[in-house]
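Some notes on the structure that comes next.
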Amino acid sequence: MLAAAPRIATASSAPVRPGILERALIVGLIFINMFGTPASWFTVNTGSASGPTQDFLLSYGSLAAILLLSLTLVGSGDALVRILSAEPLMTFFFFVIGLSPIWSSQFGESVNAVVNLYAMIGLAIILLVRYRPTEMFQLLAIAFAIGIVMSLFWVFFMGSLGRQANGHWDGLGTQKNALGNHGLIAVMVFIIAARTFRRLRVPFYVLTGIALLLLVGSQSKTSLGAGLITAASFVVFLIYRARKTLVGAVTIALLTGAAVTVAFVTANLEAVTGAFGKDPSFTGRTDLWAEVIRAIQREPWLGFGFDGYFGGPLSESHLITAFPRFDWGPNHAHNALLESALHVGIPMTIVYLAFNIRGIVRATDHVRWVRGPIGLFPLVYLTMMGITSITESGIFNQRFGVTLFVLAIVMAKVGVDEAKATGQLRLDDERRLRRSSGEPLDLTLPPGADREAELDLPLKVPS
């Protein structure tokens, strides 16, 4: 049976730990919402879908399991309030999305999309209240290990169910971009897990290699590009982690990299896109964006409701997909800001952009306050999501991506608050003090701390 509801840890009490059945259910939820269900695994892929969003078992089975798990949150009202208030703009944004079926022309599609979204947000809240950061990554690592190994099996032993005729790998995904996204996130999860759970580092590094193999085999240019840029950013984060100039270094690195890339691609568009096997319109994306912008201009204030524009054959998107040049069947805007504007209008898209930027700023601070590899998670994930959101729709077409996004945004705030509340030194301040005292630098752990004890510290929600 499920473990009893937790209490926020204090000096005299500790939260009741989740039971084995609860953990197994969480792993199952992570797995099916990231990698899909048999309804998608055993369907010959046409390359037209980006994810199993219409799978009934996936949508309402997940919702039922999350509602069951929500019973474990009884008595944790204070923690829930603190988590929901960690980023008020994000909470407000998702609240407006929940209202959007009211003005959507596709009421049923919008309600179904909101149910899916709220289920994934609920899973994030359960993880934040019930589990310590290291426990979260244990569960993530188990679920991703199962999914990545199964994807490898599908690619090499399941014929057309795992790969396309043109050589692109799909694995458990419904098309190459889905597998590319699986591999990209899996690499991040396994590297952090290998550096956190040192006794299992060899298996996790092997899994990292498998995830990289699947990422390359998918030939998803978006995921490959995001992987390269994220890896370069990760090096910058590590180099400047314990330096006062971290914020400036991260900002300059990201902005300069983006500016140079845009300038280079603009000046050499045909050569660059040709080198990646793409046409200058990025497989029709620029044409699609032009049409989407025209649609947004028709409903600039409230949008078309969540999933109301690309909501099926009777939705507004038929005005686009009816044209021969969109015979590739776009079912989302392939840009997160445009997708947001379609869902809830331009004003709420500005809100979305604002709390994303604030999340990255907080995540940069989180790197300096929170020890261990998990301290890097919010910044690495938000950087990765920002890059993929340029040519894909980000969290709006990734089920479990919503859960990871909420985890990153909330952890970036709560982790820093907890470190400050416990009197912990920021890494750059600790580095300065140790240099002035002549002590050797150890920027991973606080002075005298035991690694196992440090890894077992909970992410407490400060009052």
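For this structure, a couple of remarks:
- Residues in the stretch 82-97 that are part of a helix (DSSP H, G or I) and at pLDDT below 95 were compared, and the one that is nearest to P347 (Cα to Cα) is L84.
- In the set S100, S110, S104, S70, only one residue is modelled with pLDDT of 90 or more and outside any helix (DSSP H, G or I); that residue is S104.
- Some residue of the stretch 236-256 being over 23 Å from the mean Cα position of the chain (by Cα), aliphatic (A, V, I, L, M), modelled with pLDDT of 70 or more and assigned to a helix (DSSP H, G or I): yes
- Taking the criterion of being modelled with pLDDT under 90 and closer than 18 Å to F31 by Cβ, the residues of the stretch 173-184 that qualify are G173, T174, A178.
- Residue that is modelled with the lowest pLDDT, among those in the stretch 338-378 that are over 30 Å from S104 (Cα atoms) and among the charged types (D, E, K, R): R371
- Per-region count, the stretch 195-213, residues touching a Phe, Trp or Tyr at 6+ places or on another chain (Cβ under 7 Å) and either among the charged types (D, E, K, R) or under 16 Å from A231 (Cα atoms) (or both): 2
- Residue in the stretch 138-148 that is touching a residue at least 40 places away in the same chain (Cβ under 8 Å), closer than 13 Å to G36 by Cα, surrounded by fewer than 22 Cβ atoms within 10 Å (Cβ to Cβ) and over 19 Å from the mean Cα position of the chain (by Cα) present: no
- Here the stretch 101-137 is the region considered, the condition is being of a type in the set (S, T, Y) and closer than 29 Å to A86 by Cβ, and the residue that is surrounded by the fewest Cβ atoms within 10 Å (Cβ to Cβ) is Y118.
- Selected residue (criterion: farthest from L58 (Cα to Cα)) from residues of the stretch 69-101 that are of a type in the set (V, I, T) and out of contact with any helix residue (DSSP H, G or I) (no Cβ under 9 Å at 6 or more places or on another chain): V81
- Qualifying residue in the stretch 305-321 (condition: modelled with pLDDT under 85, small (G, A, S), under 25 Å from the mean Cα position of the chain (by Cα) and surrounded by 12 or more Cβ atoms within 10 Å (Cβ to Cβ)): yes
- In the set (1) surrounded by fewer than 21 Cβ atoms within 10 Å (Cβ to Cβ); (2) more than 21 Å from the chain's Cα centre (by Cα), the condition left unmet by F95 is number (2).
The values are calculated or read from the model by the stated rules, or taken from the named source; none is laboratory data. The structure presented is a predicted model; accordingly, all values stated were derived computationally and were not measured. When we count neighbours, we look across all protein chains shown, and the Cβ atoms used for this are built from the backbone with ideal geometry, even at glycine.
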